[in-house]
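In what follows, a single structure is set out as structure tokens and then discussed.
The values are calculated or read from the model by the stated rules, or taken from the named source; none is laboratory data. All of these numbers come straight from a predicted model, not from anything done at the bench. Here Cβ is always computed from backbone atoms with ideal geometry, including for glycine, and neighbour counts include all displayed protein chains. Surface accessibility is based on the protein's heavy atoms, side chains included, excluding ligands, DNA and RNA. Shrake-Rupley method; radii C 1.70, N 1.55, O 1.52, S 1.80 Å.
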Amino acid sequence: MVAAKDHIVQLIIEKGLVSSETVESVRKGLSEDGQSDLIDALTVTGHVNQQQIIEVLAEEFMMPVVDLEKTRVVSMALDVVPRELAARYNVFPVEIKEDTLYVAISDPLDMDGVDSLSHVLKKTVEPMLASSEEIAHAIVRYYGTGEETVETVLSNYVPEGELEDKAMQNRAVAAAHSDETDESDAPIIRLVQIIINEAFKRRASDIHLEPLEKRFRVRYRIDGVLHEVENPPKRLQLAIISRIKIMSNMSIAEKRNPQDGRIQIEIGGKPIDLRVSALPAAHGESIVMRILDKESLMLGLPELGFLNDDQGTFERLITLPDGIILVTGPTGSGKTTTLYGCLNFINHPDRKIITVEDPVEYQLTGINQVPVRAEVGMTFASALRAMLRQAPNIIMIGEIRDKETAEIAIHASLTGHMVFSTLHTNDAPSAVTRLIDIGVKPFLVSTSLRATMAQRLVRRNCVQCLEPYQADNLVIRSLQMSGSDLGNATLMKGSGCAYCSNTGYRGRMGIFEIFQIDEETQRMIYSGATAYQLRRKGRESGMRTMREDGLRKALAGSTTVEEVLSTTVSDLD
């Protein structure tokens, strides 16, 4: 190592950054065993800076330089390299492409460390240069300090034997009100931060804190499935809830009525919003925090799960000049994500887009977003009336809930606007009858509606541990399939690994059912056709059901037939 440092010092001298006399002068100020700190001493004394050293090394070893402060780090790379390995080899993962991992290193002469990392991870490792300070800062920024867990915070907070001490509970509540995270009486603050950080790190969409009779349960919803994690002691329930309510600007005195709030924090260098809901329950207030990661919304249509043919159809529909397109499905089926994907696709400088949402969950660049505020009379209907005077090209309504909103949206579409919205129905054709049920006249529905699309979310197979498997015969029969239907396709499933937390799945994708409104369908709607008749007409016209779309994706290896079965209903008419 000393020889390596000497080589770097010689390079610095040869490039004229410092003189040999300066180096010798600084060297004399070091102890005999401090030889390897010579470069640090040169930087501390201001004779040379880290950026100059990196540039010299990059030129000498023909390696790319990465600025970890400005580079967007790929989360998959962080998952592949655990914090322990990053700290041990003094590297930071930046990006991963197939089997090649790009990592930042500070010492280009330490190829043994790179080779060892490659051997441990069983991947090709491509080094990039960054200063040791940048790497250390990035490790803390993206991985955390690695020192505190829920267990360590709790063990340092209340010794055994004081579990029922009322004074200690009072201290916990007082600490929850504090903003001084370095105070010895404020571990509750760190505990709440750790719970949120861990949820984000594990890609959770929601954090559930549920007061039960004898325990305080914490669960993360990951890829649509709830996972229970380490539970804080019941005695800290009040303190944790108080801390979260203060962070989200709720009233801690109000415990009888539901409250909503919002938290804005930074995790791993990324700004994250949390939408917080507090609901009084039998054993205390139940808290649910929805994690809103803006980057997760910046998706193209292929990332949403569309296959090429459906993507082409949907792109054609959303670029029509006017009309209404409805996305349907239950809560949590990804409707909002799909609508934002549509807006991203058609968001151009020559188009004015206005949305009305309850609430505005994500801030989108270049789009005017209006929040619903019923307490001051700003409802969906009143917001829509005002929006039409703003001369928009495209309108997005968070949800059509009543006749008034539906009629204004339809009139907007009939006057040359493109309108996107959501509706709660089980399938795509039922959206038509739902509009009529809430009071919209059939002729208005038939002339304004361009298409409806129903969707569900299924878990994606983990790409790191994907392997062939044989589905259970009962599952195959439940899907009305046979061995001949499978053809030459090989079903795939994740076996479980560290990357997917041993679940076999990582991430979710949509399965879709697109019901297009043609002239014959318009006549059927005007004549009062039932949802059953419209569905049969759609099937005759080539509409694929959600189950059929899901099976296509299962046969392609993107998900499993079990996921499709658990998410969709039978297609039998």
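Structure summary
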read-out: Gyration tensor (alpha-carbon) shape descriptor, segment 75-114, a/c threshold 1.5; value: oblate
read-out: Whole-number accessible area per residue in Å² for segment 67-106, which is evaluated in the context of all protein chains at 1.4 Å; value: 52 Å²
read-out: Ellipsoid semi-axes in whole angstrom, largest first, where each is sqrt(5λ) of the Cα gyration tensor of segment 91-139; value: 17, 12, 8
read-out: Segment Glu266-Ala374, length gained on full extension (0.36 nm per residue, minus Cα span); value: 35.9 nm
read-out: Accessible area of His227 in the full protein assembly, 1.4 Å probe (Å², nearest 10); value: 50 Å²
read-out: Cα-projected label distance for Asn426 with Gln533, points at 7 Å along beta-carbon direction, nm; value: 2.0 nm
read-out: Within segment 260-285: backbone nitrogen closer than 19 Å to the Gln363 label point (7 Å, Cα to C-beta); value: 261-276
read-out: Cα→Cβ-extended label distance, 7 Å offset, between Arg217 and Gln52, nm; value: 6.2 nm
read-out: Gain upon complete extension [Glu59, Leu320; 0.36 nm per residue less C-alpha separation]; value: 88.7 nm
read-out: Sites Ala136 and Glu98 - FRET efficiency at Förster radius 45 Å, r taken between beta-carbons, to 0.05; value: 0.95
read-out: 3J(HN,Hα) from dihedral phi, segment 193-199, Karplus parametrisation 6.51/-1.76/1.60, rounded to Hz, x for glycine, proline; value: 5, 5, 4, 5, 4, 5, 5
read-out: Set Lys70/Lys335; Lys214/Lys255; Lys335/Lys537 screened for pairs whose C-alpha atoms are more than 27 Å apart; value: Lys70/Lys335
read-out: Per-pair calculated FRET efficiency, R0 = 41 Å: Val463 and Lys403 via Cβ, rounded to 0.05; value: 0.30
read-out: Built amide H within the under 5 Å cut-off of Arg217, gap 5+; value: Glu210, Leu212
read-out: 16 Å reach of a label modelled at Asn347, 7 Å along Cα-to-Cβ, counting backbone N of segment 412-456; value: 420
read-out: Percent of beta bridges antiparallel (DSSP, segment 310-399, rounded to nearest 5); value: 10 percent
read-out: Efficiency of FRET between Gln311 and Glu84 - r from beta-carbon atoms, R0 35 angstrom, step 0.05; value: 0.30
read-out: Three principal axis lengths of segment 323-414 [C-alpha, angstrom, descending]; value: 32, 30, 26
